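Laboratory data are not the source of any read-out in this text; all were calculated from the coordinates shown. These numbers were taken from a predicted model, which means no experiment stands behind them. Cβ placement follows ideal geometry from the backbone for every residue including glycine, while neighbour counts extend to all protein chains displayed.
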């Protein structure tokens, strides 16, 4: 059994959560969307994962920016102002009496269709907006294992990997291949064979005191990724977005992944090669800097 990057402590309160669907609250077991919904039928929509920590939606503006930019890119009018969307987030948190340690999945699909067909013209309702808040405390990992997979991050003229869309089949196939190899997460390459990202997190290596991550051309515009790069630059740590290959990865001193849910997670092994038996010093430092950033964000 692999551990993964999204492990969390089981919380019985999640069995009784209320879920927001188009502004109405439903118990978990009654929260449903139509089989004709664009998201269910075609993966047509955009989404965000947002942390709620000590009464604050962390990095909310960045998440809302990405959501609305993604919707605009796929020519979808969400039908709510940014302020109305934030109000809905607050409403479902209030309805559940939540104050901290919550992970929110905000999903917006194009809406319900009159018939199974991909063209947006057969969409007959406004977009479907679903907000699922769950109590989730990440299980801190001493180090995850990665496996490089054959599934590539595609070129932007195929399906732009920077778009946080509901269509995640390539990432799912990568995840399955890594799991079959006994790894926790898949390391994915770009069309030229350079390292791009992982199937659900962003990938970094440390070499001779420098932090490297991919060019960003073939990965989601990660909010935690951007925050970590900013922290490096603000704290005298050399950080680069660049092309690099698996040879650079195998010879790295440290490696880690980033994501909204768990923050920074050290990587101990890649393709059966040991990277670091213990959490590296720069990884540990960045973990602490990121936790401090989240506390400042919550305090603000």
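Just a few scattered comments:
- Beta bridge orientation in the stretch 74-232: antiparallel %, DSSP, nearest 5: 85
- Note on residue 273 and residue 114: the model spin-label points, each 7 Å out from Cα along the C-beta direction, lie 5.7 nm apart.
- Projected label points at residue 25 and residue 176, each 7 Å from Cα along the beta carbon direction, are separated by 3.9 nanometres.
- Just checking the listed ones, 113, 72, 279: in the Gaussian network model of the chain with Cα springs under 10 Å, the one fluctuating most is 72.
- Degrees separating the helix 60-73 axis from the principal Cα axis of the chain, which is the longest one: 70
- Counting only alpha carbon atoms, the long axis of helix 169-180 and the longest principal axis of the chain meet at about 50°.
- DSSP finds beta bridges in the chain, and of those with both partners inside it, around 85 percent are antiparallel.
- Euclidean distance between Cα centres, the stretch 192-233 to the stretch 31-48, Å: 30
- Shown here: Rg/Rh (Cα atoms, Kirkwood Rh), derived from the displayed model; of the candidates (1) 1.00; (2) 0.97; (3) 0.92, it corresponds to (2).
- Note on residue 73 and residue 167: the model spin-label points, each 7 Å out from Cα along the C-beta direction, lie 1.2 nm apart.
- Value of relative contact order over the stretch 12-135, rounded to a whole percent, pairs C-alpha under 8 Å and six or more apart: 37
- Extension gain for residue 292 to residue 54 (0.36 nm times residue separation, less C-alpha to C-alpha distance): 84.4 nm.
- Helix 223-234 axis, angle to the chain major axis (alpha carbon atoms, nearest 10°): 40
- Helix content alone sets the calculated 222 nm mean residue ellipticity of the chain: runs of n ≥ 4 DSSP H residues at -39500 (n - 2.57) each, divided across all residues, give -8500 deg cm²/dmol.
- Considering only the stretch 144-299, percent of DSSP beta bridges that pair antiparallel, nearest 5: 65
- Take every pair of alpha-carbon atoms less than 8 Å apart whose residues are at least six positions apart; their mean separation over the length of the chain yields a relative contact order of 19 percent.
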